[in-house]
Every structure is written in structure tokens, then in C-alpha cells.
1. Under the classification rounded if a/c is under 1.5, otherwise prolate if a/b is larger than b/c and oblate if not, where does the stretch 1-101 fall, given a ≥ b ≥ c as square roots of the Cα gyration tensor eigenvalues?
2. At 1.4 Å probe size, with every protein chain present, just tell me what the per residue accessible area of the stretch 1-120 comes to in Å².
3. Provide the packing ranking of 198-204, 81-87, i.e. peptides ordered by the mean count of other C-beta atoms within 10 Å per residue, highest first.
4. Give me the 1.4 Å probe accessible area per residue for the stretch 174-241, excluding ligands and nucleic acids, in Å².
5. Determine, for each peptide in 58-70, 265-277, 216-228, the mean count of other beta carbons within 10 angstrom over its residues, then list the peptides with the highest first.
6. Going by average Cβ density within 10 Å per residue, which order do the peptides 29-40, 103-114 take, highest to lowest?
7. Please arrange T92, T262, T22 by accessible surface area, largest first, computed with a 1.4 Å probe and ligands excluded.
8. Need the full-extension length gain, A268 to F44, defined as separation in residues times 0.36 nm minus the C-alpha distance. One decimal, nm.
Amino acid sequence: DLPLLRARMQLFADMRDGAVVTTEYRMRDASGSYRWFVSRDVVFERAPDGMVRSILGVARDMSEAKEGAARMQALNEQLRERVEELQVLLDTAPAGIIVAEDRHCTRVVANRWYERLLGMPAGANLTARRGAAPSGEGPAAAAAEVVTAPGAAAPGTFVRRIAPPGPSSGDPAALPLERAIAAGAPVLNEEVEVWRPGLAAVRLLVDSAPLFDTAGMPRGAVAVALDVTEQRRREALSRAVADLGRQLMHSLDADVVAARITDFFVPAHADWCVVVATASREGADPGAGADAPLRASAVRHASPRLQPLLDQLV
């Protein structure tokens, strides 16, 4: 750094008295190591012709500050990389990740998966607000209170709890984030439903945990939501089919059994249903059942307009 320092010294010839020149440079100490210094210098004395005769300055060892700044820069770069990795994870995760940034849930943000589910723009505040339950949506809409996300791209989007309230909150409509903050402990395996205008309800399985400040008090919460709609639908269908099977055991009329089967599946679980059975042949060899003629003993379509067509096809 000596050429740099000499070049800086040349500045004094053209500087006015009292002006300060600040210079950073390295010097090698007695051990052979280089240390950083910063000096602040002024013209102390000039010759009669105005040339600088001497300068007065103070040099301060700033090696530790330089090293600390370098470490801080490296840490900031690592932090930036971690934040970038986390953002990629949030944007690509096939699940909802929701964060309440304060204990009162006045600002709640989520990743794109959950924002798209609610019909919200990127970076929107998902703060819950009390509202009336949607009408005409079946038994699931019978809750006294639900919450809606204000500012939604599709107004009328509702989120409501499925399970009854637990000891962590006296509010029957409190969502997992709110309950985790109120309890100061994780709230696991909570189920909620998301109701969106014109779309089928989505069932979510949610785990939530509080975030704490330096005093150990909840300052917010984070939650992860998995879509279990199809899983719950299959479970409900399996239970319903088992129940149907038990009911059919009490009927000996094949046509009644077939009609009950079509009534069960259409329209709750299917658009159309055809029950086909082998025609009864009294005294026939049981082993010849596969060759017996088939007949449609019950036919039903969810659409009255398409029912005649289905009757013709079968």
C-alpha cells in the first residue's frame, strides 16, 4: 500500500490549511503480520513558498474492525443464501406454510401454495376476520362462526375448524395459529376446511407451533397445512360402503338391492352407476355362472337429461 500512501501525501500540496485527508492502508508489524490503519492528517507547517513542510496526523489501528466487517459480510452472504434457499423451499413446497408475524395475528403471510388455495395475491396479508357462515353449503356450513380472509381475490372464501375446541382456546372458531399462540405450545393434527365460491371444499390437516421472543413469550406462530381432501373422501366412502353392505344384507330382493346401490353412489359419489347381474337360472350348474346372461338391474344418472341416454346404452 506504500504507493497509495505516497500518492495521498501529494494531495497536501494543493490543499488548504485545515483540510483533513483520511487514508486507509496496511503496515507490517514486527511479527511480519499486516495490520490495517486509518489516518487523519492535516497540514501542520508550510515553507515560505507554500510547499508543505510537515503534516500532523493520527493513525488508528482498525484491524479488528476490518476483520469484524469481513466476518459480518461473510455472515450476511451466508444469511442471504439461506433466505434464498428457504424462499425456494416455501415457493415449491406442496403444502401450505403460514406464519403469524405477531401474537394478535394482525399480519399473517403464507407461501404461494396456500395463497393460491385462498385465491389471494402474492404477499397478501391473510389476517382472519369474523364473518357469517356460507349458506346452502350442506352440513359442514352449520358452524356458528367461521373466518374469512379479507382482500381475497375471490370474495367469500371461508376457513373453519372441523374438530371441537380444545383447552387452549375458548373460541370455537379459533384456527390453529391462534390456538398455538394462546396455549404457548404446539397444536397438532387440527383439521380445517377451506370454502371457496363455486369450488369444492378443501380439507386441510394443520400442525402449528408458537414462535417466542427473547422474554420467552409467544410473538407469533407458524403452521404447516397438508391437503387431505382425497384421503378423507376415501375414508368416508369406505365407511359408507361398509354401512351400505350391512344394510343390504337384510334385503333378499335383488332389484331392491341394486336400486339402493345406485341411490347410494349417485349423485353423492358418482355421476352415474349401472348395476349388472347374471340372470337367475334355477337349477343351473353353479360352475356355469360365468356363462349366464347379464342384465342391467339398476341404472341411474345424476343428470335427468342424460338418464334416457344411459338407459339406451345399457
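1. On the way: a/c = 4.63, a/b = 2.93, b/c = 1.58.
It comes out prolate by the Cα gyration axes.
2. Here the residues of the stretch 1-120 average 70 Å² of exposed surface.
3. Averaged packing, sorted descending, gives the order 198-204, 81-87.
4. Ligands and nucleic acids excluded, the result is 50 Å² per residue.
5. Going from most to least packed, we get 216-228, 265-277, 58-70.
6. Order by mean packing, descending: 103-114, 29-40.
7. T92, T22, T262
8. The A268-F44 span can extend by a further 71.0 nm.
The values are calculated or read from the model by the stated rules, or taken from the named source; none is laboratory data. Treat the numbers as computed from the prediction; the structure is a model and nothing was measured. So basically every Cβ, Gly included, is an ideal-geometry build from the backbone, and we count neighbours across all protein chains shown. Heavy atoms of the whole protein, side chains included, go into the accessibility calculation; ligands, DNA and RNA do not. Shrake-Rupley method; radii C 1.70, N 1.55, O 1.52, S 1.80 Å.
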